[in-house]
Every structure is written in structure tokens, then in C-alpha cells.
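Just so it is clear, none of the values below were taken in a lab; they were calculated from the coordinates. This structure is a prediction, so every number in the text was calculated from the model and none was measured. Note that we place each Cβ from the backbone using ideal geometry, even for glycine, and neighbour counts take in every protein chain shown.
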Amino acid sequence: MSIVLSLWRIINPLALLVTRNESARQFLSLKLDEQKKLLSDLANFRTDAPSKGNYQKWSFYFETIRQHFQLPCTAETRQNRAQLLEELCGRDGKILLLGDDDLVSWELAKRDFSDVCAADFDQKLLDHIRDLCADLTRQPRLIQGDFSDPAFDPGVAPDVVSLDPPYNLRWTHIFISKALEAVESREKAILLLMINPYCFSPKDLENIMERLASHGFRLKERRERFNGYPLQGLSQVLLRAGLRLLDKVPTLEPGQQFCFSSDLYIFHKG
Ligand SMILES: C[S@@+](CC[C@H](N)C(=O)[O-])C[C@H]1O[C@@H](n2cnc3c(N)ncnc32)[C@H](O)[C@@H]1O
């Protein structure tokens with residue numbers, strides 16, 4: 001084992017003791033092999049330029065600590081999600097977005113989708129989406145609420161529910177609970193889950209899949225690296241440092257940068 005990896009074995013448990021961010025703790029609590037798998041996966045994703053015009057409230061604390069785990073995706077990812085939703089349920093489909101710092105509701109409003117609801121904790125984000133959509137014919141329904149509050153009900157029984165949960169196990173399950181509640185009364189529904197599977201231990205990932213299966217959801221398709229999230233500032237430096245641990249940092253073309261990425265899992269019920 002290289003000196004760097006031996007050092008990391010000593011630093012990792014100490015970092016776990018002092019780190020409070022739940023997504024960072026998730027990474028630190030993985031085994032070394034699992035951490036390497038996640039980094040190898042991320043090494044395969046790079047983007048030409050950070051998306052402009054994204055929701056940027058998360059840029060603070062040197063761009064590592066994000067309020068409400070916000071990390072907006074690239075404009076291309078947002079457009080691909082809108083395209084997918086059109087293929088899955090058409091523009092009249094009933095769509096519930098659980099969390100929307102990616103501004104998918106705006107993308108759908110631009111494409112004339114008629115029944116879109118975005119629920120989010122962040123009122124400022126919802127106000128921002130309202131402003132973006134102000135001149136459009138179709139307005140998404142925007143509902144403020146906390147998914148960890150069992151009493152919060154977005155009041156929609158959607159055809160498709162889409163969730164991009166935080167990169168840690170506890171919050172992933174909280175988001176999944178809200179999604180399952182929303183489609184409980186539906187005999188048929190589609191659930192779109194955006195996660196990077198390597199953020200979880202194999203056992204925890206299996207539990208997520210089993211939980212969805214126990215609610216009648218069958219995995220129809222997985223699209224690897226469907227979602228890209230540009231990392232800036234210190235986050236980009238930390239990812240590069242992590243890749244260096246692997247001892248095989250991929251080369252970037254001029255102007256390119258590494259990106260966080262997640263897969264799309266499409267589940268069908270009924
Ligand atoms: C969870 S974030 C995206 C996560 C991203 N994949 C990551 O971990 O960096 C997606 C949206 O969920 C919202 N959100 C976060 N926690 C929430 C909560 N407890 N209740 C409702 N919305 C929440 C955020 O404001 C954001 O717009």
C-alpha cells in the first residue's frame with residue numbers, strides 16, 4: 001500500500017470524529033475499497049464548463065458546505081430529465097419533484113407541461129423558480145415543506161415522482177419515505193431515483209432496493225452517470241485530491257473539470 005493510502009487509513013477515522021456534514025460522513029464511513037470505487041466512478045465524469053444561471057445559494061463556506069445539501073446539476077442534465085419525463089408520461093402527466101434546486105420544474109414549464117408540482121424546504125429557491133416561470137403560460141405548483149416532517153403532504157398523487165436525495169443514507173431514506181407516501185394510493189406509478197450507488201455500502205444499497213420492491217416498485221432501467229453536478233472551489237480541489245489517492249488522475253482537456261455524478265434508476269409500480 002502506498003504511503004498516501006497508509007496515511008489516509010490513519011486520517012480517515014479522525015476525520016470521521018470531527019466531521020458533522022452528513023454526506024461527508026457517509027463517504028468517510030465507507031470502507032477504503034468502497035471509497036476507491038466511488039472515486040473511480042467519479043473520475044469518469046467531466047464537463048466542459050460549469051452551468052451558468054443555476055441556483056447558486058449553496059456557494060458559501062468555500063463551496064463545500066451546502067445548505068439543504070444543494071448541488072445544482074448541469075443544464076444538460078436538467079434538459080435530459082425533462083426529455084425523459086416527456087417520454088415517460090407526456091406533457092399532461094402528473095409530476096411531483098421532491099426537491100428542485102436543479103430547476104427541472106422551470107424546464108418543464110418552458111416545455112408546456114401542465115401538471116407539475118415541486119416541493120422543497122427552501123422558500124428562496126421556490127421564489128426563484130416562481131420568478132423564472134413568471135412569463136410562461138404554464139406555472140408549476142410550488143410547495144414549501146420539510147420531507148422529514150411526517151405531517152408534510154405535498155397534496156399530489158403523481159404519475160411520476162422524481163427524487164434526487166442527499167448523498168447519505170439517512171436522508172436518502174427520508175426522501176424515499178416521502179416519495180412512497182405520495183404514490184401510496186396509486187396502482188400504477190413511476191419513481192425516478194437519482195443516486196450514486198457507490199455512495200453506499202453494497203448492503204445499504206441492497207436495503208434501498210428491497211425497500212422499494214416491498215412497496216411494489218420493480219427496477220426497469222438504470223442509466224449510469226445520467227446526472228452531472230459541477231463542483232467548484234474547494235469541492236473541486238477535494239475531489240482532485242481524492243482522485244490523486246487512487247494514483248491515476250485522469251487527464252482533463254483544457255477548460256474541463258471533474259463533476260459529481262449520479263445514476264438514474266427508473267422504477268415502475270403496477
Ligand atoms: C437534496 S438536494 C440535491 C442533493 C444532491 N444530490 C446532493 O446531495 O448534493 C435536492 C433538493 O432537496 C431540497 N431539500 C433538502 N433537504 C430537504 C428537506 N428536508 N425537505 C425538503 N426539501 C429538502 C434542497 O433544498 C434541494 O433543492
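Grab the DSSP H runs of the chain that are 4 residues or longer, score each as -39,500 (n - 2.57), total them, divide by all residues and round the 222 nm result to the nearest 500 deg cm²/dmol. Walk me through the intermediate numbers first.
Working: 10 runs with 113 residues, N = 270.
Dividing the helical sum by the residues of the chain leaves -13000 deg cm²/dmol.
Which links in 178/220; 94/178; 36/203; 94/124; 36/124 stretch past 27 Å when you go from one Cα to the other? Can you show the working numbers first?
Details: 178/220 21 Å; 94/178 16 Å; 36/203 17 Å; 94/124 24 Å; 36/124 37 Å.
Exceeds cut-off: 36/124.
Can you list residues whose amide H is under 5 Å from residue 146's amide H, if they're 5+ apart or on another chain and H is modeled 1.01 Å from N?
Residues meeting the amide H criterion: none.
Considering all projection directions equally, how large on average is the shadow of the alpha-carbon convex hull of the chain, in square nanometres? Provide the component values of the computation, followed by the final result.
Working: hull surface 58.0 nm².
Mean projected area for the chain: 14.5 nm², to one decimal.
Of the options 27, 252, 6, report the single residue whose Cα projects farthest towards the positive end of the charge dipole of the chain (beta-carbon charges: Lys, Arg +1; Asp, Glu -1).
My answer, from the dipole projection, is 6.
What are the residues whose amide H is under 5 Å from the amide H of residue 260, where those residues sit 5 or more places off or on another chain and H is modelled from the backbone?
It is 229, 231, by chain and number.
What is the set of long-range amide H partners of residue 225 at a cut-off below 5 Å, with H atoms built 1.01 Å from backbone N?
Close amide H contacts, sequence-distant or interchain: 263, 264.
Which chymotrypsin sites (Phe, Trp or Tyr not before Pro) in segment 179-258 pass both tests, a DSSP loop state and at most 10 other beta-carbon atoms within 10 Å? Could you put the intermediate results ahead of the total?
On the way: sites: 198, 200, 217, 226, 258; in loops: 200.
Taking segment 179-258 and a limit of 10 other Cβ atoms within 10 Å, no loop chymotrypsin sites (Phe, Trp or Tyr not before Pro) are found.
Given Cβ point charges of +1 (Lys, Arg) and -1 (Asp, Glu) and nothing else, what value in debye, to the nearest 20, does the dipole of the chain about its Cα centre take?
700 debye
What angle do you read, to the nearest 10 degrees and between 0 and 90, between the alpha-carbon axis of helix 3-18 and the longest principal axis of the chain?
50 degrees
Work out the length of the dipole vector of segment 126-182 about its Cα centre, built from +1 on the beta-carbon of each Lys and Arg and -1 on the beta-carbon of each Asp and Glu, and round it to the nearest 20 debye.
So the magnitude is around 80 debye.
How far is helix 32-43 tilted, in degrees, relative to the longest principal axis of the Cα atoms in the chain, given as a value from 0 to 90 rounded to the nearest 10?
That helix lies at roughly 60 degrees to the long axis.
Tilt of helix 123-133 relative to the longest C-alpha principal axis of the chain, in degrees (0 to 90, nearest 10)?
Approximately 60 degrees, to the nearest ten.
GluC sites (Glu not before Pro) within segment 153-188: which are DSSP loop residues with at most 13 other Cβ atoms inside 10 Å? Walk me through the numbers on the way to the answer.
Values: sites: 181, 184, 187; in loops: 184, 187.
Those satisfying the criteria are 184, 187.
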